[in-house]
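One structure is given below, encoded as structure tokens.
The values are calculated or read from the model by the stated rules, or taken from the named source; none is laboratory data. Only a predicted model underlies this, so the values are computations on that prediction, with no experimental measurement involved. Virtual Cβ from ideal backbone geometry, glycine too; neighbours counted across all protein chains shown. Heavy atoms of the whole protein, side chains included, go into the accessibility calculation; ligands, DNA and RNA do not. Shrake-Rupley method; radii C 1.70, N 1.55, O 1.52, S 1.80 Å.
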Amino acid sequence: MSRKRRMFDIDVPAMEDIPASKVPEKASEKRRGPMAAAITENAEALRDQQSTQDAIREENDRLAHELVRLRSEGLVTERIALHDVVTEKLTRDRKPGPDAELEELKASIQDIGLSNPIRVERRADGRFDLIQGMRRLSAYRDLFEETGEQEYAAIPAGISDGADLGDSYRRMVDENLIRKDISFAEMGTLALAYAAEPDNDCADVDKAVTILFKSASYTKRSYIRAFASLIMMLGEDLNHPNEIPRNVGVELKRRLDSDPGLVHRLRAALNGEPDRDGAREISILREFLNSAAAPERKQNAQGQEKPRRAKTTFQVSGRDGIAKCSASSGRIELRYNLDFTRVDRAKLERAIATMIDELREEEDITHG
């Protein structure tokens, strides 16, 4: 018995009418071949590598420019041959003769090396002008001569481009201001040498002191000027100027300024003992001051018998407290909570000049 097949009518829509569903990205990626995936991965790796190389190149350029800047400012230490260092550019403020502390410096260099490199400036001929570190250079030269070791044939140095002569002097002076052993006579001698150098365009010793020792206090600059003046007056008659104490030198300069005729007497006293040592020279200077001060002490004693003159005292309020003032004939005294030695000299001079200009005596008052 045969079975009958049932027939069903099914309406199948046209293909263009069937909405196409979005194929998931993962499914799409799965359909990519191995070669395509490898090419994509390789391209991404190349992009990452190029980006890394660009970053490295940019950093190298930055470091190269920074190195050039640091070298030009002398902040990069390099070893340079001793025979390439020239010391004639600046007049040194070191006193001539043997240096008692040089042996200690040499021993330290042999033990732990040079802690503080010298500073030099480049020259057109490929050599270097010494700016700071005369003792360190001398120690290396002695060590190389004594030992012959190549370790001491070159010295660590900070190398900068050539600077203005005045700036070079300032660098040398500022480093040496912190030395405990530098004397006022050495600093005064340096100021004289600086003023005498035509290239510096500074014929005034006072100006030379202001330029060279700008970092020093006003009081210290006044001491240096006093010693520079003393050296100008006595010249080679002083055999041991670097041993003269500050107070002796300053008072001596004041005495000679008040009575120029005393210069000849002092020279005669010094030249009377040509073989004197430093201690004897200072003793001669002190004896001269005592003898020169005797007439002044007598005059002061006589002046004490005179009646005291009238004096005006008052107080003025300022930003830093109360200023106490005392004024008398020919004299005014100001006490104020301010370190006047740290005030710029030019500013202080302008303030004093303004005060003096504003002070006018009344018509019925005469000078005392």
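Whenever a residue of the stretch 314-337 is touching a residue at least 60 places away in the same chain (Cβ under 8 Å), it has no partner that is assigned to a strand (DSSP E or B) lying with C-beta atoms less than 9 angstrom away and at least six residues away or across chains. Just one of the numbered conditions (1) surrounded by 10 or more Cβ atoms within 10 Å (Cβ to Cβ); (2) modelled with pLDDT under 60 is not true of GLU25: (1). Taken as a whole, the structure leaves ARG94 outside the set of residues that are modelled with pLDDT under 75, open to solvent by 70 Å² or more (accessible area, probe 1.4 Å) and of a type outside the set (A, V, I, L, M). Filtered by the rule that a residue be among the hydroxyl-bearing types (Ser, Thr, Tyr) and in a strand (DSSP E or B), the stretch 314-341 gives SER317, SER326, SER328.
Condition check ((1) open to solvent by 50 Å² or more (accessible area, probe 1.4 Å); (2) farther than 26 Å from VAL68 by Cβ; (3) modelled with pLDDT under 90) across all residues:
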position	(1), (2), (3)
ARG123	yes, no, yes
ASP129	no, no, yes
GLU146	yes, yes, no
TYR152	no, yes, no
ILE155	no, no, no
ASP164	yes, no, yes
MET172	no, no, yes
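Residues that are among the acidic types (Asp, Glu), assigned to a helix (DSSP H, G or I) and farther than 12 Å from LEU285 by Cβ were ranked within the stretch 223-260; the one that is least open to solvent (accessible area, probe 1.4 Å) is ASP257.
Listed by first and then second residue, the pairs linking a residue in the stretch 129-154 that is closer than 18 Å to ILE182 by Cα to a residue that is open to solvent by 50 Å² or more (accessible area, probe 1.4 Å) and part of a helix (DSSP H, G or I), with Cβ atoms under 8 Å apart and 6 or more places separating them unless they lie on different chains, are ILE131/ARG171; GLN132/ARG171. Restricting the stretch 312-336 to residues that are open to solvent by 80 Å² or more (accessible area, probe 1.4 Å) and closer than 27 Å to ARG225 by Cβ leaves a set whose member that is farthest from the chain's Cα centre (by Cα) is GLY330.
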